[in-house]
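Student: Got a structure for you, questions after.
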Amino acid sequence: MSQLNFAGLAGGFSLLGLLAATPGALGQSQGLGNSPYSRLGLGDASLNLGGVRQMGMGGTGVAAPNGTNVNELNPALLYYTNRTTFEAGYTGQFKTLRNDATSQRTGTGTLGYVALAVPISRSWAGAIGLKPYTTVDYESRTLDNSVAGDPMAQLERQYKGNGGLAEAYMSHAVRLRKNLVVGVSAAYVFGSINQEASTRVGTETLPLVLNGRSIYEQQVHYSDFAFRSGIHYRGKLTDKLNYNLGGVYSFRSKLNGDRSRNILREDADGALINATPLSKDEKGKATVPALTQVGLSLDNNRNWSVSLDGGLQQWSQFKSFGEEGGLSGVPLSNTYRGAIGGELTPDPTSVDHYFKRVTYRAGLSVAQLPYRPGGNVLLDRSVSWGFGLPLPSASALDATTISLGFTYGQRGNTDVLQLDNNGTERNVKESYIRMQLGVTLNNRWFIKRRIE
């Protein structure tokens, strides 16, 4: 007869309940600190970079199989799940924003992701999970001391936004033949984005602090399905060296949206004077461009692997309600990303030395931002590292691993651009350190027992 082992499952759902109760959980996406670049498009896109293991390796893993963690970056790699695996991550970030004139520090934390993977048969595995899709969290202010017709006047512009989208997904991986696996993922994408742009004018007789504000307000709720496919091939270079090739294609999707827009007028104290509705529950779509990812990795099938990944997303095709750039009105450009990373476990079977059983990870990545001020390319450059810490209570039936991932990066720059209308635009440079704490529970659910 067979008996279901509930120990790991109960622990997993207990942790899921704890994380889901965290304020700002994925369904009501909370940002990771003020990011002016999240004003563009649908916000900061997740770029399908996987969980805490991939974070420690620079966001690589398209072609890096692993039997301990849930690798849903490439759905085909779920095939290598050898035990029922529950994984959850919590993400925190601190950052400093700078331009040529000022700086600001900000940061916060939120639920990162949850995932449950199950080996269904010798050639089939599946997973369900919840993870971020995009994040919107920004607040910026500009002051123009040159107003046409009144050289003594000041024009203040303010931009605010919050919210984001999450995806609840189901993935499956199937082995077609020896060493060749394919995978598919279907996700329900949902969430809301709230944005506003406001202006107020100060004059010599009525300064800014005593003047009211005109606000354009927009709330959009998005929901629809998105699909992703993956492929993985594993071969041998030598008796002790394996190579892996992987690819992921996230199909272009059109998210259904309901938009409400208003023009508000506030007095100098922020009290609402009047509101003029422009539209309510207006129907539209957001076109999210396709994402293509490829990867190559080498491993010895025992204690180390090294990966090289690349990606392309055609953000030039993005539109929301027929407008390029959404509320920002800024047309976007295609983005490219490259990363290299790896992991090493000195001796996975060591009994006397715990730190030889620890997995050490590191990686580097460079990505373009979809924003091209003055035609100039802005980069997001980062270095990552991480650790997989197995708990001493591991057995042949169940195991628990605590994983830590860290990324230090910089994106953008502090250049001052001269505009065609003789004005200036100040770029923003973000310096950030991102941290992720992950808990992975491995458990063999079905145990065959003999009755003697």
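Student: Roughly how many whole Å is it from the C-alpha centroid of segment 194-222 to that of segment 247-325?
Tutor: Segment 194-222 and segment 247-325 have Cα centres separated by 25 Å.
Student: Toward the positive end of the charge dipole of segment 212-291, about the Cα centre and with charges on Cβ (Lys, Arg +1; Asp, Glu -1), which of P277, Q219, G247 goes farthest?
Tutor: It is G247, whose Cα lies furthest towards the positive end.
Student: Also, quick follow-up: Calculated from the structure, Rg and Dmax of the Cα atoms in Å equals which of (i) 24.4, 97; (ii) 30.1, 96; (iii) 44.2, 168?
Tutor: Read-out taken from this structure: (i).
Student: With all protein chains present, how much of the accessible area of segment 157-308 (probe radius 1.4 Å) comes from carbon and sulfur, to the nearest whole percent?
Tutor: 56
Student: Per residue of segment 65-75, what does 6.51 cos²θ - 1.76 cosθ + 1.60 with θ = phi - 60° give for ³J(HN,Hα)? Whole Hz please, x for Gly and Pro, Karplus curve as stated.
Tutor: Once θ is set to phi - 60°, the couplings for segment 65-75 become x, 7, x, 9, 8, 7, 9, 8, 4, 10, x Hz.
Student: For S393 and R302, what is the calculated FRET efficiency with R₀ set at 35 Å and r taken between the beta-carbons, to the nearest 0.05?
Tutor: 0.95
Student: I need the GluC sites (Glu not before Pro) found in segment 141-204, filtered to DSSP loop residues with at most 16 other beta carbons within 10 Å of theirs.
Tutor: E204
Student: With +1 on each Lys and Arg Cβ and -1 on each Asp and Glu Cβ, how big is the dipole of segment 103-254 about its Cα centre, in debye rounded to the nearest 20?
Tutor: 1380
Student: Nothing charged except the Cβ atoms of Lys and Arg (+1) and of Asp and Glu (-1): what's the magnitude of the dipole of the chain about its Cα centre? Round to the nearest 20 debye.
Tutor: In debye, rounded to 20, the chain gives about 1920.
Student: Starting from segment 125-196, pick out the trypsin sites (Lys or Arg not before Pro) whose DSSP state is loop and whose Cβ has at most 16 other Cβ atoms within 10 Å.
Tutor: Passing both the DSSP loop test and the Cβ count: K178.
Student: Let me check I've understood the local charge: for G51, count other residues with C-beta under 9 angstrom from its C-beta, Lys and Arg +1, Asp and Glu -1. What total comes out?
Tutor: 0
Student: Positive end of the dipole of the chain, charges at C-beta (+1 Lys, Arg; -1 Asp, Glu), about the Cα centre: which of L291, V184, H353 has its Cα farthest in that direction?
Tutor: H353
Student: So what's the back-of-envelope 222 nm ellipticity for the chain, counting only DSSP H runs of four-plus at -39500 (n - 2.57) apiece and dividing by all residues, rounded to 500?
Tutor: Only helices count here, giving -1000 deg cm²/dmol.
Student: Something else: Report, to the nearest whole %, how much of the accessible area of segment 340-412 belongs to carbon and sulfur atoms, 1.4 Å probe, protein only.
Tutor: Percent of accessible area from carbon and sulfur atoms in segment 340-412: 65.
Student: Can you work out the FRET efficiency for the pair L278 and L176, with r the C-beta to C-beta distance and R0 = 56 Å, to the nearest 0.05?
Tutor: Once rounded, the FRET efficiency stands at 0.60.
Student: How much length, in nm to one decimal, is gained on full extension between F227 and Y354, taken as 0.36 nm per residue of separation minus their Cα-Cα distance?
Tutor: Answer, rounded to one decimal: 41.6 nm.
Student: Follow-up question, since we're still on this one. Within the set K160/K319; K95/K356; K178/K240; K131/K254; K160/K283, which residue pairs have Cα atoms separated by over 25 Å?
Tutor: K95/K356
Student: Right, something else. Pop a pseudo-label 7 angstrom from the Cα along the beta-carbon direction at both L241 and N256 and give the gap in nm to one decimal.
Tutor: 5.3
Student: So, for the chain, what is the accessible surface per residue at a probe of 1.4 Å, expressed in square angstrom?
Tutor: Roughly 48 Å² per residue, with all protein chains present.
Student: How far, in degrees from 0 to 90, does helix 7-20 lean away from the longest principal axis of the Cα atoms of the chain, to the nearest 10?
Tutor: Approximately 0 degrees, to the nearest ten.
Student: Among L97, G129, S140, which residue has its Cα furthest toward the positive end of the charge dipole of segment 62-140, with +1 on Lys/Arg Cβ and -1 on Asp/Glu Cβ?
Tutor: G129
Student: Moving on to the next point. 7 Å from Cα along Cα→Cβ at both Q219 and S431: what's the point-to-point distance in nm?
Tutor: 3.9
Student: Something else about it: Calculate, for L379 and A271, the FRET efficiency according to 1/(1 + (r/R0)^6) with r their C-beta to C-beta distance and R0 51 Å; round to the nearest 0.05.
Tutor: 0.75
Student: Using only Cα atoms, locate the centre of segment 127-183 and the centre of segment 339-403, then give the distance between them in Å, rounded to an integer.
Tutor: A separation of 24 Å, based on Cα centres.
Student: While we're here: Normalized C-alpha radius of gyration of segment 166-320, against 2.2 N^0.38 Å?
Tutor: 1.68
The values are calculated or read from the model by the stated rules, or taken from the named source; none is laboratory data. Keep in mind that what you see is a predicted model, and the values were worked out from it rather than measured. Positions of Cβ are backbone-derived with ideal geometry, glycine not excepted, and every protein chain shown enters the neighbour counts. We work out accessible area using only protein heavy atoms, side chains counted, and drop any ligands, DNA or RNA first. Shrake-Rupley method; radii C 1.70, N 1.55, O 1.52, S 1.80 Å.
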